[in-house]
Amino acid sequence: MGGGFVLVPLQVLWAGVPQRFANANSLVAIIPIALAALPIYYFRKGSPQVDLHAALFLVIGSVVGAYIGARLLSRIPDRELKFGVALILGVVGLKELLLP
């Protein structure tokens, strides 16, 4: 579970940011967070904590997924988008409660 599960609802509910912008802001926020964390995990005492082979596949999948998601975001009505985000948050919350 990533920070977007906190960032998106806070932006929508507390800051009044539209759902589309909150989703986009969350994706953009990941870049500096990931860049700041990489050296901490890679240069940790002992061996690196980053599997670069697995990370490569994650980066490729993330780039493709972000592109497709950004294209779809403009086609989903706001009400359905809010419902979808709420549904995903609910499912993840239940999973965390029932299967920690």
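The values are calculated or read from the model by the stated rules, or taken from the named source; none is laboratory data. Predicted model, so just to flag it, every value in this text is computed and none were measured. Cβ sites come from the backbone with ideal geometry, for glycine too, and all protein chains shown count toward neighbours.
A few remarks follow.
- From the list Leu10, Leu35, the lone residue that is exposed (fewer than 10 other Cβ atoms within 10 Å of the Cβ), aliphatic (A, V, I, L, M) and modelled with pLDDT of 85 or more is Leu35.
- If you go through region 56-99 and pick out every residue that is surrounded by 10 or more Cβ atoms within 10 Å (Cβ to Cβ), more than 14 Å from Arg20 (Cα to Cα) and out of contact with any helix residue (DSSP H, G or I) (no Cβ under 9 Å at 6 or more places or on another chain), you end up with 17.
- Of all residue pairs spaced 6 or more apart or on separate chains, those with beta-carbon atoms under 6 Å, a first member in region 29-57 that is at negative phi and a second member that is part of a loop (DSSP other than H, G, I, E, B) are Tyr41/Gln49; Tyr41/Val50; Tyr42/Pro48; Tyr42/Val50.
- Selected residue [β-branched (Val, Ile, Thr), under 20 Å from Gly93 (Cα atoms) and within 10 Å of the chain's Cα centre (by Cα)] from Val12, Val28, Val6: Val6
- Residue in region 40-48 that is surrounded by 10 or more Cβ atoms within 10 Å (Cβ to Cβ) and among the small types (Gly, Ala, Ser) present: no
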